[in-house]
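Here the structure comes first, spelled out in structure tokens, and everything after it is commentary.
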Amino acid sequence: MKERVLSGMRPTGALHLGHYHGALKNWVSLQSSMDCYFFVADWHALTTHYESREVIEKNVYEMVIDWLAAGLDPNHCTLFLQSRIPEHAELFTLLAMGTPLGWLERVPTYKDQQEKLKDKDLSTYGFLGYPLLQAADILIYKAKYVPVGEDQASHVELTREAARRFNHLYGREVRFEEKLALTFAKLTPEEVKRFEKSRKKFQETGDLKSLAGAMDFVHNEPRLEPSDKERLEGYFKGTGSSILPEPQVLLTQASKLPGLDGAKMSKSYNNSIAIREDRATQESKVRKMPTDPARVKRDDPGNPERCTVWQFHKLYSDEKTQHWVQNGCLSAGIGCLECKQPIIDAILLEQQPMLERAKRYIEEPRLVRDIIDAGTEKARITARETMKDVRQAMGLNY
Ligand code: TRP
Ligand code: SF4
């Protein structure tokens, strides 16, 4: 059984190469070995874009096309839309009951983003709750790993705290050992021995036959009450004591690709190249990239260390080309436009398969909707199951 991985992205604009090198490429490489759930975090986008919902509307399916273009394969991972699964909101509400305000106020992104996005009023209830909504996203699928960048690590940490608190308040059966002993007392010593033996086997080897056999016995045993059955099941599977398992962050290396001006690549800085940028625009953007200011005239030598184009070469070019850049720049042997050509070519080469994969989805938007419909339906089954347990644990099963 593959371990579950979950991550999301906010649909606030076309994805660029920084997203590709900083996150998406990693998602693509995870999808074959893990049980991956990737979703469009449109509610999270609304926490900052509540006054410009058309941005979100426009970008939900566009972002999914970017994902598919980058190589996410709906046969290997589950792609879905947050707002179609109201259970996320339900868990968010229930977790909110026991989450101290201070936990949320102390998450570093809260103040940072308020500072950074000064043009928006982010003194909202929704924005304060951002990391807790994220916790609900993660916990509802009992995800083991959350691949995110450093900036999101504090949100995963809050998720772990929220899970711990929930399990502490509702998840752990009080005096579990004592109750387990009482349950065992309803069975014969031989039966208990057999149960323990098969539990050991299942937990050590994952043997599904042992699991099926034991569950069959437990659930058809008239001497056991429903609560005994549940207790034994949880004990057998090793999940008994915690309803919401704590996830682990899977830190993604930051993208080594800066923006066209050397700052972090970001759509709002106007220094990005979109994943699906058309050829001519990409070319003209790279041609316009600022270079070492020392190179005023073609004969003026430069220094690659003072030039963003060199950062691109470090990511995209082989050793031979890198030598050519170093020598050519320091000796004024090459011009800057000449120096940029291999970058233009390399980006084109990287984008080519993405553009090809995107083509059929652009031509047939129905396909994208079908992928999201299927993924959402699948995800919702898991979300519903978790909520059943959560409601029961909180005593909401009236
Ligand atoms: N906050 C994340 C970001 O801005 C997006 C997100 C929402 C997310 N819910 C999540 C990421 C759950 C991982 C898991 O990048
Ligand atoms: Fe930058 Fe290349 Fe021009 Fe040197 S030659 S300044 S590395 S673009």
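Every number in this text was worked out from the coordinates using simple rules, so none of it is lab data. Bear in mind that the values here come from a model prediction, so they are computed numbers and not experimental data. Backbone-built Cβ (ideal geometry, glycine too); neighbour counts: all protein chains shown.
Some observations on this one:
- Cysteines of the chain lacking any other cysteine Cβ under 4.7 Å from their own Cβ: C307, C329, C336, C339.
- Taking a point 7 Å from the Cα of E191 along the Cα-to-Cβ direction, the residues of region 207-225 with backbone N closer than 11 Å to it are 217-225.
- Relative contact order, whole percent, for region 265-398 stands at 20, derived from Cα pairs under 8 Å and 6 or more residues apart.
- D (Stokes-Einstein, µm²/s), Kirkwood Cα radius, the chain, 1.567 mPa s at 4 °C: 53
- Placing +1 on the Cβ of every Lys and Arg and -1 on the Cβ of every Asp and Glu, with no other charges, gives the chain a dipole of roughly 340 debye about its Cα centre.
- Euclidean distance between Cα centres, region 231-272 to region 19-72, Å: 13
- Within the chain, helices built from complete DSSP H runs that reach 30 Å or longer along their own axis (Cα positions) and carry a mean Kyte-Doolittle hydropathy of -1.0 or higher are 336-363, 365-393.
- Unit charges at the beta carbon, dipole of region 188-253: most positive-side option, T205, N220, P247: T205
- Note: relative contact order over the chain, using C-alpha pairs below 8 Å and six or more positions apart, is 23 percent.
- For D261, distant residues with modelled amide H under 5 Å away: none
- Length released on extending from R223 to K314, taking residue separation times 0.36 nm less the Cα-Cα span: 25.8 nm
- Selection from A70, L117, V107 lying farthest towards where the dipole of region 40-123 points positive, charges on Cβ: V107
- Rounded to the nearest 500, the 222 nm mean residue ellipticity of the chain from helices alone is -17500 deg cm²/dmol, with -39,500 (n - 2.57) taken per DSSP H run of at least 4 residues.
- Listed residue (A280, W324, L349) projecting farthest to the positive dipole end of region 277-362, Cβ model: A280
- For the chain, share of DSSP beta bridges that run antiparallel, in % to the nearest 5: 5
- Rounded if a/c under 1.5, otherwise prolate or oblate - region 277-362, Cα gyration tensor axes: prolate
- Net charge dipole size for region 1-110 [Lys, Arg +1 and Asp, Glu -1 on Cβ; Debye, nearest 20]: 220
- Taking region 144-244 and dividing mean pair separation by its residue count, relative contact order in percent (alpha carbons under 8 Å, at least six apart): 36
- The label point for D373 and the one for D151, both projected 7 Å from the Cα toward the Cβ, are 3.5 nm apart.
- Stokes-Einstein diffusion of region 1-144 at 20 °C, 1.002 mPa s viscosity, Kirkwood radius from Cα pairs, rounded to a whole number: 133 µm²/s.
- Using only side-chain charges placed at the Cβ, +1 for Lys and Arg and -1 for Asp and Glu, the dipole size of region 277-362 relative to its Cα centre rounds to 260 debye.
- Region 30-123: GluC sites (Glu not before Pro) falling in loop per DSSP and having at most 13 other Cβ within 10 Å: E51
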